[in-house]
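Peer 1: Starting off with a structure, shown below.
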Amino acid sequence: MASAALWCRTIRVRGGPEIHKQPLLSRRKNWVKIVDGIGGRGHKSSVSSGVRVFTSISSDLRTVPNDLVDSILSQVAQTDRGVLLTSDEHKKVAEVAQALRKYCVDKPVTCPLIFGDWDVVYCSVPTSPGGGYRSALGRLIFKTNEMIQVIEAPDIVRNKVSFSAFGFLDGEVYLEGKLKALDEKWIQVVFEAPELKVGGLEFKYGGESEVKLEITYIDDKVRLGKGSRGSLFVFQRRTQATV
């Protein structure tokens, strides 16, 4: 109850009173009356009706990002991380991602929520995560089972793509890199040469690679990012560590 009162007291309602003038824990009776009025049990509030209106609005503001997150996750579910979506469906995902931007924390790069285990559940460009394994030809040979990114404090990033080749040969590609903050929203990750494991074989190939990503939204459930070439990524937090 006290936290709800704090929310109301720190907001100025346009055309209404300055709520912050009311002490946080004083006039608890008035707060109860406001709630009663919203609940439809009469109009007993002894303060401005503008306060009642904003109490309702504040609840809506808290639910809007949650609704958008649920929407974007439902749109990308069971789409092979976006591969099966039409161009119009990709546009709808991009619209929701754009709407979530305004709810992002001010400095997402410094937000501790970036750490953890994440499933890559969507990318607007299939080859951006996984490279050739996710190209049109690669997907015919390699069926992607999991695509995971782990970010560990203070600056370690681990990517893993597990697959089944030709339907019977399991394998995985593993990359490890170091994260560097470029500013409050952009990060850079320099990865070492990828490591391929197939059956009993294990070897490294290629060289270092580098990616830059803007964090456009983050909470305890999802993380959205946009690559330097415009690719949109949606990461969903995993409940268990796997990499």
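Read-outs: derived from the displayed coordinates by stated rules, not from any lab. What you see is a predicted model; the values in this text were computed from it and never measured. Every residue, glycine as well, gets a Cβ built from its backbone with ideal geometry; the counts of neighbours run over all protein chains shown.
Peer 1: What dipole magnitude, in Debye to the nearest 20, does the range 96-243 give about its Cα centre under +1 on Lys/Arg Cβ and -1 on Asp/Glu Cβ?
Peer 2: Magnitude of the dipole: close to 500 debye.
Peer 1: Below 12 angstrom from the Cβ of residue 230, what's the summed charge of the other residues (Lys, Arg +1; Asp, Glu -1)?
Peer 2: Around residue 230, the charge tally is +2.
Peer 1: Given the Cα-Cα distance of residue 198 and residue 67 and 0.36 nm per residue of separation, how much length would full extension add, in nm?
Peer 2: 43.1 nm
Peer 1: Just in the range 182-238: which chymotrypsin sites (Phe, Trp or Tyr not before Pro) are loop by DSSP and have at most 13 other Cβ atoms within 10 Å?
Peer 2: Hits after loop and neighbour filter: 205.
Peer 1: Just going by the charge dipole of the range 76-178, with Lys and Arg at +1 and Asp and Glu at -1 on Cβ, which of 90, 142, 159 is farthest out on the positive end?
Peer 2: 90
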